[in-house]
Amino acid sequence: LLKTVFDPEPGEKVCILIDLEDPRDIKDFGFLKDDSLTIQRHAYEKFYLGLKNGVAEEFGFSGGEMFAYKRTGGSNLDLPEDCYDIEGNHLSLVEDVYKPYDLILCISTESATAPLTASAKVIGFRGATMHGMNDIILRSGLAVDYNEVSVQAEKLRLGMTQSDFAEIDFTVSGGTYTLKLILNEQEAQKSHGLCLGKKPDIANLPAGEVYFVPDGAEGQFPMLYDDGTIGIMNVSEGRIQAAELLEGNQTTIDAHNAKMTRDPVTGEIGELGFGTQVLPVSGRDIQDEKILGTVHVATGR
């Protein structure tokens, strides 16, 4: 995976970054006592120990350290300024992780792609984000040849690029709702898992999608909340203006509307994406949105 995604050169310095409710629990790998932290355990067993047990030597890597930051609680929220190492030292993410390392592998609960990409472009490192890692993802989405994934993604990209608009019909609870996304002949982009050369960048893995950042959006679409509530999102001027209850708890809808009032960016229609890989369903959005035949719409933060 590291060879395909990064084509690394000898001497590059690599580290692993995880998230914890209390990042101080990384001291002496204390978090391994908590069986619920399966993502962080994979980071330790497959990547940290993998580097220590021959991978670093094979590629001529230096480093191989692991750091932890406080869990953000949301997808692509800003990362905290501080972190901890396995000795329990309180460190700076920028000064002690971003600046000294060439390759940063972030294996976290929620996605950190956006904040890490922004920091990479300023500071100059490369890396990969692999949030929600589980056994299925390790055996499938992270066990593919990303050169082939890139070729397949480019085929679909060429077929979809410079589209005028897209319309998606959703049928739920006996009703049909349509969302129209304005694309205005923009070039389709692809997430293909390759982060080659010395250009600062972050690969979001598993990869394999073609996507647009819509110029606008109108209509309606359903959203399933964590508690099982289903709401209808009323969209105009490129963002969700209000959610209304279809099934479940009105308090859930009220909380969402209050959040969008406080922070309108959370309602922005930020992405229209299409999966390009033949993969098993993993139960994690990071892989399941990359499955060929699926479409996803991402909102705000």
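The values are calculated or read from the model by the stated rules, or taken from the named source; none is laboratory data. For clarity, every value in this text was computed on a predicted model and none was experimentally measured. Positions of Cβ are backbone-derived with ideal geometry, glycine not excepted, and every protein chain shown enters the neighbour counts. Ligands, DNA and RNA are excluded from the accessible area calculation, which covers all protein heavy atoms including side chains. Shrake-Rupley method; radii C 1.70, N 1.55, O 1.52, S 1.80 Å.
A few points about this structure:
- Some residue of region 112-126 being of a type in the set (Lys, Arg) and within 19 Å of the chain's Cα centre (by Cα): yes
- Spans of strands (runs of 3 or more DSSP E) in region 189-301 with at least 1 residues out of contact with any helix residue (DSSP H, G or I) (no Cβ under 7 Å at 6 or more places or on another chain) and of a type in the set (A, V, I, L, M, F, W, C): 209-212, 216-224, 230-236, 239-247, 269-275, 295-299
- The test for being on the phi > 0 side of the Ramachandran plot, out of contact with any helix residue (DSSP H, G or I) (no Cβ under 6 Å at 6 or more places or on another chain) and open to solvent by 50 Å² or more (accessible area, probe 1.4 Å) does not hold for Asn147.
- For region 76-90, residues that are open to solvent by less than 40 Å² (accessible area, probe 1.4 Å) and over 24 Å from the mean Cα position of the chain (by Cα) total 2.
- Filter result for Val55 (part of a helix (DSSP H, G or I), of a type outside the set (Gly, Ala, Ser), open to solvent by 20 Å² or more (accessible area, probe 1.4 Å) and within 29 Å of Thr266 (Cα to Cα)): no
- For region 154-169, the set of residues classified as open to solvent by less than 50 Å² (accessible area, probe 1.4 Å) and either of a type in the set (Phe, Trp, Tyr) or closer than 15 Å to Asp215 by Cβ (or both) consists of Thr161, Ser163, Ala166, listed by residue number.
- Residues being under 19 Å from Thr72 (Cα atoms) and assigned to a loop (DSSP other than H, G, I, E, B) - total across region 1-33: 2
- Neighbours by Cβ (under 6 Å, 6+ apart or cross-chain): first from region 274-292, within 18 Å of Glu148 (Cβ to Cβ) and open to solvent by 40 Å² or more (accessible area, probe 1.4 Å); second assigned to a loop (DSSP other than H, G, I, E, B) and not aliphatic (A, V, I, L, M): Pro280/Ser140; Leu292/Thr276
- Identity of the residue in region 23-44, of a type in the set (Asp, Glu) and touching a helix residue (DSSP H, G or I) at 6+ places or on another chain (Cβ under 9 Å), that ends up surrounded by the fewest Cβ atoms within 10 Å (Cβ to Cβ): Asp35
- Only one of the listed residues (Ala207, Ala188) is without any contact (Cβ under 8 Å) to a residue 60 or more places away in the chain, within 22 Å of Tyr146 (Cβ to Cβ) and among the small types (Gly, Ala, Ser). That residue is Ala188.
- Here Asp254 meets each of (1) farther than 19 Å from Gly175 by Cα; (2) open to solvent by 60 Å² or more (accessible area, probe 1.4 Å); (3) touching a residue at least 60 places away in the same chain (Cβ under 8 Å) with one exception, condition (3).
- Some residue of region 93-108 being modelled with pLDDT under 95 and either under 24 Å from Gly30 (Cα atoms) or touching a helix residue (DSSP H, G or I) at 6+ places or on another chain (Cβ under 8 Å) (or both): no
- The single condition among (1) out of contact with any His (no Cβ under 8 Å at 6 or more places or on another chain); (2) farther than 22 Å from Asp28 by Cβ; (3) of a type in the set (Ser, Thr, Tyr) that Ser111 does not satisfy is (1).
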